[in-house]
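Data block below; observations after.
FYI, it's all coordinate maths here, none of it is from the lab. Computed from a prediction, not measured in an experiment: that's the story for all the values here. All Cβ positions, even for glycine, are placed from backbone atoms using ideal geometry, and neighbour counts span all protein chains on display.
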Amino acid sequence: IAPGWPDPDPEAMEALARRGVMAAGSDSPSMGPIPDLAEPVHLAGLKHGMVFTEAATGLGELPETGAFYCVLAPKHQGAVGSEARAFAIVGDPLARTLVESARNKRAVDLSVLLSPDLPLAWPGAGVGNHRQPFLTFSFLYMPALGNHQHIHMFDTHSGTHLVPPSYSLPEKGFDQRTYSPEVQGWLAAYEKKYGPRGSSDVTVEKVPIGQTCGWARVIDVRKLAGTTDRGRWPASPEIGVAELRQYETQHGPLKEGDIVLFRSGYSEKCLEPSPRGKACMSDPLDGNSEGWPAPTPEAIRYLSTKGIRAVGTDGPTLGGVDPQKAAATYWMLGSQGMVAVEYLANLAALPERAYFLFAAVKIAGAHGGHGRAIALY
């Protein structure tokens, strides 16, 4: 009915491999011309270890050379392909710095592994209150490649993920009387202390990619572990304004556009499958152990005054395990137009100066966004 898209042939992939090019992208649906060359083109590149970006958009806006191009795919265990987010950073000196870091393999992966065997999805307190367990289904076995395609079913707040303002803030016109009496009480207390909560329609696809990219400022909060009263569990140690000011005294002031990352080391507890994996979220939510450190609303508001637009944590959530305190933290975050990147890993590997990049998969209308976090140095 119509001609297919133009794409490289197998000889072109061989030529790229000889030049040491191990990544290629196209704004076509699939790498390789149809109907006969799609599979040969894939094999010609894959046998050299090449990776592809397919169905990219906006390539015409890039200069012929000099841009830093990045495609960040969620870290699915055993996957032979993945949904992903592709973007580029244009303009020196930043683009040149990032290209040089990538070329010299100065990169750190800050994402947890997405596996149905690990504690990745919010289990809720008690039994049967989980949102959506992480499930993976295999289908379409491909004899030529010796593998399956996969379907993943999970809550968008699973693994390393984005929290946009719409996660906690309703759209304009929302009737707050539809909240349970308990949550109405929480909201009344919040607004008495901090003022009107506000509203938002900013879902994942509306969060600018630049808001989740910037120079990392890693704040070590490991000393807060063990500071809660066992009799008050479920509870999380609180990261307050004092901790932020102490960091600034030692490391210099926080600057507009910095990405603040709270390092507690907590996600290291979350690498075990069940039943040991209960120590990650189930035990603290049920009051059997202390939760992970979480910032107070005052701390979030302080960061906002510094021009911080994104906050990350290596805990499963930014809000912690106390539901009322968590709601207040998220309400403040959303009301300031800020976003969170939750469930990071490996923050100990970051040097003093590193550039943080996170990209959520671009799903329309989503109130959470799984994605991939890395840093270049």
Subtract the Cα-Cα distance of Thr57 and Ala279 from 0.36 nm times their separation in residues, and report this length gain in nm to one decimal. 75.7 nm
Would you work out the relative contact order for segment 10-106, in percent, from Cα pairs under 8 angstrom that are 6 or more residues apart? 23 percent
Under a crude label model (7 Å from the Cα following the beta-carbon direction), how far is Thr97 from Ala15 in nanometres? 3.6 nm
Between their Cα atoms, which of Lys47/Lys105; Lys278/Lys325; Lys105/Lys278; Lys172/Lys193 are more than 24 Å away from each other? Lys105/Lys278
So if each residue of separation counts as 0.36 nm, and I subtract the Cα-Cα distance between Glu39 and Gln250, what length gain in nm does that give? 70.4 nm
Taking the alpha-carbon distance from Lys306 and a cut-off under 16 Å, which lysines remain once sequence neighbours fewer than 8 residues away in the same chain are dropped? Lys255
Across segment 331-337, in residue order, what do the Karplus-derived ³J(HN,Hα) couplings come to in whole Hz, using 6.51 cos²θ - 1.76 cosθ + 1.60 with θ = phi - 60° and x for Gly and Pro? 4, 5, 4, x, 5, 8, x
Once phi for every residue in segment 207-220 is put through the Karplus expression 6.51 cos²θ - 1.76 cosθ + 1.60 (θ = phi - 60°), the whole-Hz ³J(HN,Hα) values, with Gly and Pro written as x, are 7, x, 4, x, 6, 10, 10, x, 5, 6, 10, 8, 9, 7
Under 10 °C and 1.306 mPa s, how fast does segment 156-376 diffuse according to Stokes-Einstein, given a Kirkwood radius computed over C-alpha pairs? Answer in µm²/s, whole number. 90 µm²/s
Between Glu171 and Glu83, what FRET efficiency follows from the Cβ-Cβ distance if R0 is 22 Å, with the result rounded to 0.05? 0.25
Descending packing, highest mean Cβ count within 10 Å first, for 257-263, 323-329, 101-107 is 257-263, 323-329, 101-107
Scattering profile of segment 265-377 from the Debye formula, Cα beads only, expressed as log10 I(q)/I(0) at q = 0.17 Å⁻¹, is -0.97
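Viscosity 1.306 mPa s, temperature 10 °C: Stokes-Einstein D of the chain from its Kirkwood Cα radius, in µm² per second?
71 µm²/s
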How large is the dipole of the chain about the Cα centre if only Lys and Arg carry +1 and Asp and Glu carry -1, each at its Cβ, rounded to the nearest 20 debye? 1020 debye
Divide the volume of the convex hull of the Cα atoms of segment 34-156 by its number of residues and quote the answer in cubic angstrom per residue. 175 Å³
Projecting the Cα atoms of Ala67, Phe134, Val112 onto the charge dipole of the chain, where Lys and Arg contribute +1 and Asp and Glu -1 at Cβ, the residue farthest towards the positive end is Val112
Which length gain, in nm to one decimal place, applies between His148 and Gln324 when the Cα-Cα distance is subtracted from 0.36 nm times their residue separation? 59.0 nm
Given a cut-off of 17 Å, what percent of all Cα-Cα pairs of segment 10-106 lie beyond it? 59 percent
